[in-house]
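Following: one structure in structure tokens, then a few remarks.
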Amino acid sequence: MPERSPVNRFVGMNAWLALPLTLLLGQTPATDTPADSPDTQDPALVRQPSEEEVRAAQELELQELRLEVATLRAQLLAQQEEEQSRLQSLEQQQETQQARATELEQLRQERVASLARAYEWLISADQQLESGEQSIGPALVSARQELSTALSIADETGRGQTVRLIQSALARLSTVDEDVAQRNLYVARRQLQAAGFELHEAWRLSINRQDTTLVNQ
């Protein structure tokens, strides 16, 4: 076998040495990626919540919903109670107003009747004086009694104008006895007629059904 020349041996050795270097130079080194990187993390390695944790979370959410429902229910109940209380208050107020209106109407009718009877007694007293009969004392007493009853009712219902008319009529009647005793029959009859006019006006005001209110006339 012919012996290689030193040159050939050198070339062959260089070729053999260059081969691994060429391969190494042709490869791209791989970049190491951290094992715990989110981009490369294996989904199978992500920790899933346990059944107990899931049940605990569901139970907590359920408790919150129950608390919210209980709060809404309490608010609704409070609103219903407030509305019921308001309705009861309105009903009581209406009942009170109705009872007062009924009472005032009864007082009005009583006052009208008393004024009418007092007026009749004044007419009777005037007719007695006109006929020459001077014993008008009983008629005046009856008239005063009726006027006092009407006055107390008028005071209770707050009828200002009616009260003033009745008071004026009573004041006139207080002088009639003295006028008759002094034989001032003309003056006595004028007083009776003036008192009768005032009673008629008080009666007219009392006939008005608006008189059952508490507004003064």
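The values are calculated or read from the model by the stated rules, or taken from the named source; none is laboratory data. Just so you know, these numbers come straight off a predicted model, no measurement behind them. A quick note on method: Cβ atoms are made from the backbone with ideal geometry, for glycine too, and the neighbour counts reach across all protein chains shown. We work out accessible area using only protein heavy atoms, side chains counted, and drop any ligands, DNA or RNA first. Shrake-Rupley method; radii C 1.70, N 1.55, O 1.52, S 1.80 Å.
So the values come out like this:
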item	result
Computed magnitude of the charge dipole of the range 114-194 (debye, nearest 20; Cβ of K, R +1, Cβ of D, E -1)	200
Rh by Kirkwood over Cα pairs, then Stokes-Einstein D for the range 79-140 at 0.890 mPa s and 25 °C, µm²/s	158
Surface accessible to a 1.4 Å probe, per residue, for the residues of the range 97-217, Å²	53
Sites residue 53 and residue 77, calculated FRET efficiency, Cβ-Cβ separation with R0 35 Å, nearest 0.05	0.45
Reference-scaled alpha-carbon Rg (2.2 N^0.38 Å with N residues) for the range 76-217	1.50
Simple label model, 7 Å out from Cα along Cβ direction - residue 156 to residue 171, nm	2.6
